[in-house]
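Throughout, read-outs are computed from the coordinates displayed, never taken from laboratory work. This structure is a prediction, so every number in the text was calculated from the model and none was measured. Here the Cβ positions follow ideal geometry from the backbone for every residue, glycine too, while neighbour counts run over all protein chains shown.
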Amino acid sequence: MVQPVDRVGARLVSFLPNLRRFAISLCRARDVADDLVQQTCERALAAADSFDPESRFDAWVFRILRNLWLDQLRRQKTAGPTVDIDDMHDLSVASGEGQSEARLALAKVEAALQQLPPEQREVLVLVCIEEMSYRYAADVLDIPVGTVMSRLARARKALSELTGINPEPRRSLP
């Protein structure tokens, strides 16, 4: 019979890219995100017996990650500075006009995403990037579904304005 730790461990391995992406969106530093993902895996494996196989694995693991991040934020108030992802100059891309344009566009969207309030950014990442339903995002964030929908609408509008995508229509003067 497959033990709960083995079952959770196998699912964690396949879910690592999603966890890392969410962690990076929260903390904006790849090294901090990697540590956060590792802590999440440790916590999930330690609590494998309490995971209900009938429930959503992604929501359960995202909630663990988010709670660990919130705990870390509380501890950081007394800790020193962290490295921001923007300071990582060793990221490289193959040369080419298309890739350069894509990188600039991605940087513009990432900068706009980071300007959003954390509550809106979390909802946007969970629903639009991780493709969670409103209900599961609400469960992960421990908020009502209506709050998820309103935060998502505000986040999408702000992101489109910040990136210049679908700018507000201008009225013509009479």
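Table for the structure above
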{"item": "Segment 97-162, relative contact order [Cα under 8 Å, separation at least 6], %", "result": "35 percent"}
{"item": "Quotient of Cα Rg and 2.2 N^0.38 Å for segment 97-162, N being how many residues it contains", "result": "1.22"}
{"item": "Cβ-based net charge around A137, under 9 Å, with every Lys or Arg adding one and every Asp or Glu removing one", "result": "-2"}
{"item": "Average Cα contact separation per residue, segment 10-80, under 8 Å, 6 or more apart, as relative contact order %", "result": "34 percent"}
{"item": "Charge dipole (debye, nearest 20) of segment 97-162; +1 at Cβ of Lys and Arg, -1 at Cβ of Asp and Glu", "result": "240 debye"}
{"item": "Cα-centre dipole for segment 1-79 with unit charges at Cβ (Lys and Arg positive, Asp and Glu negative), debye to 20", "result": "420 debye"}
{"item": "Most positive-pole-ward Cα, F15, I64, V32, against dipole of segment 1-79 from beta carbon charges", "result": "V32"}
{"item": "Share of Cα-Cα pairs in segment 1-79 lying beyond 22 Å, as whole percent", "result": "23 percent"}
{"item": "Packing-based order for 22-35, 101-114, using average beta carbon neighbours within 10 Å, highest first", "result": "22-35, 101-114"}
